[in-house]
Each structure stands twice: as C-alpha cells, then as structure tokens.
Amino acid sequence: MKNKGTSFYIEAGKRAMQWHQEHIKKMKQCRFDTIAVHGIYSMQEALDFNQGSIIEPIYMSTSQTYRDSDEMEAGLSYQIPTWCYSRIGNPSIYYLEGVLALLESYGTDLEASCIATASGMAAIQSAVDPFLVVHKQKPGAPMNFVSTCQLYGGTFQQFAVRKDEEKHIQWRKVLNPTDTQEWENLIDENTRFLYGELPSNPSQGFFDIARVAEVAHRHNLPFIVDSTVATPALLRPLAHGADIVVQSVSKSLFTSGFGIAGAIISRKNICSNIDNDPMKADFSTYLKLLPNRDNGPNISPMNAILALNDIRTIRSRMDMVSRSTETVARFLAQHKHIEGVDYLGMEDHPLHDLAKKYLFLVDSEHDELYKQKVNRYGHLMSFRIKGDAKDTRRVFDAFQRIYRATDLGRIKSVATIPAISTHQQQGEEGRKLAGIPANLIRLCVGAEHPEDIIADINQALTVLDGKEVSSSAPEYSAGGASSSRLG
C-alpha cells in the first residue's frame with residue numbers, strides 16, 4: 001500500500017477541525033440547557049461514526065490505530081486531531097471537555113478550552129504548576145503566589161505543605177479577600193498567580209471577582225478561580241475577568257457520585273509574566289499536549305461519560321437544591337440549639353450583598369417559571385451548634401437520613417464536621433484562618449424534599465435536650481456485611 005504523505009492527513013485534519021469549529025459556534029448560540037444536554041456531540045457524528053447512537057459512546061480504549069506511518073507521524077506531532085493515547089486524548093474525554101468549555105464561557109464572546117483531570121485536586125495542581133517554574137525567578141523575594149485562606153482542606157494542604165513547606169514556594173495568604181488592596185499589597189515581581197475559591201467550602205467565603213481580576217491583570221498575572229460550589233449554572237468566573245476556572249467535577253457536576261473527576265477551563269490568551277507563548281495562547285490545550293501528557297493526571301473515558309451524563313440537568317438541579325438549601329437554612333436560623341448559620345442566601349450574612357451581585361440562576365430570565373433574573377446561592381451551607389465539639393458530634397451522629405461523609409454535591413444530602421475531616425490536617429491555626437470552628441457542621445443539601453431534611457435535622461438536634469434518639473445506623477457486630485466493610 002502506497003503511503004499518502006503527511007500533507008494529505010494534515011489537510012484532512014484542517015477540514016475536520018474547521019467543521020468542528022463551525023459546529024461549536026452554532027452550539028454556542030444555543031441556550032444553556034441545550035448546551036448541557038447536547039454538548040459538542042453532533043447528529044452527523046452519531047450517524048457517520050457511532051452507529052447512530054444519540055448518546056455519546058464510551059470509548060473504552062487506550063489508543064487509536066493509524067492508517068499508515070504518515071498519519072501516525074502527523075498525529076503524534078500534533079499536526080492533526082488525534083486520539084493517540086487516552087492519557088492525552090480520547091473521544092469520550094473530548095465530549096466532556098467540550099461541554100464544560102461551552103458552559104463556562106456561556107453568555108460571552110470568549111473562546112475557551114478545557115482539560116479534564118482524574119480529580120479536582122489534580123486539576124488544581126495542573127492549573128498552578130506551569131506558573132511555578134524556578135528558572136524564571138528574579139533575584140530578591142522568593143517565588144510566591146497570592147491566595148485566599150478560605151479554601152477546601154485539600155487545596156489548603158496542597159498550598160501550605162506541597163508548595164510552601166516542601167518546595168519553598170511562598171503562599172501569601174489573603175485574610176480579608178473583600179479588601180482588594182490587601183491582594184495588591186501581597187504582589188511583587190516574583191508573584192506568579194492569584195487564586196481564590198468562591199463560594200468557599202465550607203465557610204461561604206466570597207469576594208468581588210471583577211475587582212480582583214483587575215488587580216491581577218494590572219500586574220500581568222493570571223487569576224485562577226475555584227468555582228466548584230457554584231458550578232456554571234450559578235456563576236461563570238470567566239465572564240467577570242478570571243483567566244482560569246477550576247472545577248472539582250466530582251461534586252455538583254458529577255452529582256450521582258459514581259466517579260471522581262476534575263477540570264480546568266481557561267480563556268484564550270491569558271495573562272502571565274511567564275515567557276511561554278503557547279501556554280498563554282491556549283492554556284488548557286497546552287496542558288493537555290505537554291505537561292499533562294508527561295505527568296499523566298487526566299481522566300478516564302468511563303468517568304468522563306458518567307460525568308457528562310449528570311451535567312445534562314445541572315441548571316434545573318442547582319435551582320432546586322438552592323431553593324431547598326435556603327429553606328433549611330431559614331429553619332436552622334430560628335432553632336434554639338443553633339448558634340449561627342452560614343449561607344450566602346441569608347440576608348443577614350455579611351457577604352450576602354456581594355454574592356447577590358454575582359450568583360444568578362443562568363437563563364432564569366428566559367424561563368417560563370421566572371421570566372426575570374433570580375439569585376440562587378447553591379447547595380452548600382454550614383451551621384454552628386450551640387455547644388462544644390462533643391455536642392456537635394452527638395448531633396452529627398444522630399442523623400438518620402443525612403449521610404455522614406466527606407462529600408458534597410451529591411443527589412443525596414451529605415454532612416460532615418470539617419474540623420475532624422476535610423480540614424483536620426491543616427491544624428487549629430489553619431482552621432482559624434479559614435473560619436472553621438469545632439462546632440461547625442457542613443451540610444450539602446440534596447434533592448430530597450426539604451421538609452424531610454428538616455425533620456432529620458430537627459430530630460438530631462433533640463439530643464441536646466437530653467432526649468434519646470433511636471438511630472437507624474447499623475450495628476457493627478462480629479459477623480455480617482457491616483463488620484466486613486471495616487476489614
């Protein structure tokens with residue numbers, strides 16, 4: 001068989017890429033729900049390549065084969081679209097990345113790209129590490145980054161231990177993120193990026209995204225935002241000036257809890273004081289083809305499709321769970337055994353007005369139910385027991401329907417005590433910085449009826465009246481499934 005030459009495949013690849021770009025442009029004109037349902041998967045793809053399947057297939061394959069050596073050369077030199085190896089690219093992963101890029105850039109004229117990772121923590125590491133290159137450091141102050149303290153516990157550990165303690169890359173902590181001057185004062189010539197999480201997990205931290213983005217860009221620095229709790233259904237940081245968005249897809253987007261996933265979504269042509277033009281031009285694609293190709297933190301095809309399937313209903317789910325969470329929060333705010341409630345949807349929350357500026361149910365003004373823009377504040381809240389750590393454990397242990405787990409964004413309600421779980425490792429001082437006392441319970445409200453969630457919380461709180469509460473939790477005996485689970 002005579003080879004066709006690499007130029008044949010390069011031209012064919014250009015035509016394919018042009019067709020896909022035109023299709024994506026058409027999808028970008030659709031409403032949010034339509035994009036969430038269809039993503040970038042087209043009817044033509046279904047008919048021509050996938051046996052007419054109306055749902056994106058799971059390509060459970062490590063690699064693709066090539067027609068000849070010329071196509072292989074063109075593919076592995078990245079001159080044509082390729083699924084050379086699933087550690088780098090795979091059609092199923094491509095479908096997930098495509099829909100997330102469209103959803104995060106929805107309502108803007110921005111062009112965005114995405115890379116999906118095996119976890120949210122892998123996404124955070126992948127998002128920050130390319131900026132922490134030692135040989136670019138200038139004499140004087142140490143290489144550093146500026147970030148809020150109110151972060152998920154795993155992020156806190158990655159910044160405090162893996163970066164600051166182990167690699168001596170200084171984490172400059174923003175104590176009051178609503179003060180943009182504080183952000184500015186922490187920046188010097190060796191600062192590499194600004195980072196924030198909002199709403200923060202679990203303490204409901206928030207700040208003015210647009211103003212912090214202005215500070216970052218004034219210093220030619222990228223602004224990275226973890227928007228896991230809000231999801232693109234309530235907040236799209238790229239629209240407000242962020243360069244890069246991190247999602248722990250495992251959470252609200254992947255609500256079934258069937259797998260773990262993360263994602264990085266970036267606008268094209270990000271700001272950075274690092275001399276790396278390909279990285280700045282298309283950060284997510286650069287990650288996919290170079291650093292993450294070598295480091296290997298990317299997602300599996302199965303998890304990509306499972307996550308994609310959950311994403312199809314993200315707007316309606318975030319609307320429902322947000323309304324339920326507000327109902328639960330208002331109940332708790334009036335309860336005699338509750339010291340305080342942290343939920344941005346409550347008018348007395350100190351950051352309510354700021355959150356109200358940014359958190360909206362996407363397309364609510366086009367919804368027949370609302371016909372106007374409506375604020376929604378998400379499914380995550382926390383409340384403080386009027387008592388000590390022991391009282392908090394007693395209430396927590398009395399839940400009968402709310403699951404005790406270090407998880408959030410599930411279709412079922414889940415609670416944890418951050419001081420002994422998600423934020424345990426960062427120590428008392430770190431928890432104080434993040435605003436996480438020992439009597440705090442984090443609650444992620446699921447899709448159950450809010451009256452049933454309230455009933456479970458209410459019966460659990462009766463332990464503080466000295467009343468006995470019958471528990472539905474299994475007894476761990478010497479035999480049976482319970483004991484085998486514990487090994």
>> Ranking request for peptides 194-205, 261-272, 10-21: highest mean number of other beta-carbon atoms within 10 Å first, then the rest in descending order.
In response: 194-205, 261-272, 10-21
> How much space per residue, in cubic angstrom, does the convex hull of the C-alpha atoms of the range 241-378 take up?
Replying inline: 176 Å³
> Taking Cα centroids, how far is the range 39-77 from the range 92-125 in Å?
Replying inline: 19 Å
> Okay, which of the range 87-124 sit inside 11 Å, backbone N to the point 7 Å along the Cα-Cβ direction of T62?
Replying inline: 87
>> Report the Rg/Rh value for the range 300-340, based on alpha-carbon coordinates and the Kirkwood definition of Rh.
In response: 1.31
> If each Cα of the chain is one equal point scatterer, what is log10 of I(q)/I(0) from the Debye formula at q = 0.07 Å⁻¹?
Replying inline: -0.39
> Using the Karplus equation 6.51 cos²θ - 1.76 cosθ + 1.60 (θ = phi - 60°), what ³J(HN,Hα) coupling, rounded to whole Hz, does each residue of the range 187-198 give in order, writing x for Gly and Pro?
Replying inline: 8, 9, 5, 9, 6, 10, 6, 10, 9, x, 10, 7
> If amide H atoms are built 1.01 Å from N in the plane of the peptide, which residues on other chains or at least 5 residues away come under 5 Å of the amide H of E197?
Replying inline: T148, D226
>> Suppose each label sits 7 Å from its Cα in the direction of the beta carbon; what would the K386-D465 distance come out to in nanometres?
In response: 1.3 nm
>> Show me the ranking of peptides 302-314, 175-187 by mean Cβ neighbours inside 10 Å, starting with the highest.
In response: 302-314, 175-187
>> So if each residue of separation counts as 0.36 nm, and I subtract the Cα-Cα distance between K4 and S256, what length gain in nm does that give?
In response: 86.0 nm
> When you take every Cα atom in the range 314-473, what is the radius of gyration, and what is Dmax, the widest Cα pair distance, in Å?
Replying inline: 16.2, 51
>> Given R₀ = 51 Å, what would the calculated FRET efficiency be for D294 paired with K356, taking r from the Cβ atoms and rounding to 0.05?
In response: 0.70
> What is the gain in length, in nm to one decimal, between Q424 and A405 on full extension, counting 0.36 nm per residue of separation less the C-alpha to C-alpha distance?
Replying inline: 5.4 nm
>> Between the range 181-232 and the range 348-374, what is the separation of their alpha carbon centroids in Å?
In response: 22 Å
> Can you sort D275, D164 by how many other beta carbons sit within 10 Å, fewest first?
Replying inline: D275, D164
> If one computes the Cα centroid of the range 310-327 and of the range 251-281, what distance in Å separates the two points?
Replying inline: 23 Å
>> With 10 angstrom as the radius, rank Y9, Y66 by how many other C-beta atoms surround their C-beta, starting from the fewest.
In response: Y66, Y9
>> Can you say what percent of the DSSP beta bridges in the chain, counting only those with both residues inside, are antiparallel? Round to 5.
In response: 60 percent
> Cα convex hull of the range 91-311: mean projected area in nm², to one decimal?
Replying inline: 11.1 nm²
> Can you work out the FRET efficiency for the pair A12 and R330, with r the C-beta to C-beta distance and R0 = 60 Å, to the nearest 0.05?
Replying inline: 0.50
> For the range 43-53, in order, what is each residue's ³J(HN,Hα) by Karplus, 6.51 cos²θ - 1.76 cosθ + 1.60 with θ = phi - 60°, in whole Hz (x at glycine and Pro)?
Replying inline: 5, 4, 4, 4, 6, 7, 10, 10, 6, x, 4
>> If packing is taken as the average count of other Cβ atoms within 10 Å, what order do 453-461, 85-93 fall into, highest mean first?
In response: 85-93, 453-461
> Percent relative contact order of the range 105-219, based on C-alpha pairs within less than 8 angstrom and at least six residues apart?
Replying inline: 27 percent
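Each reported figure results from applying straightforward, stated rules to the coordinates on display, with no laboratory input. Please read these numbers as outputs of a predicted model, since none were measured by experiment. As a convention, Cβ positions derive from the backbone with ideal geometry for all residues, glycine included, and neighbour counts pool all protein chains shown.
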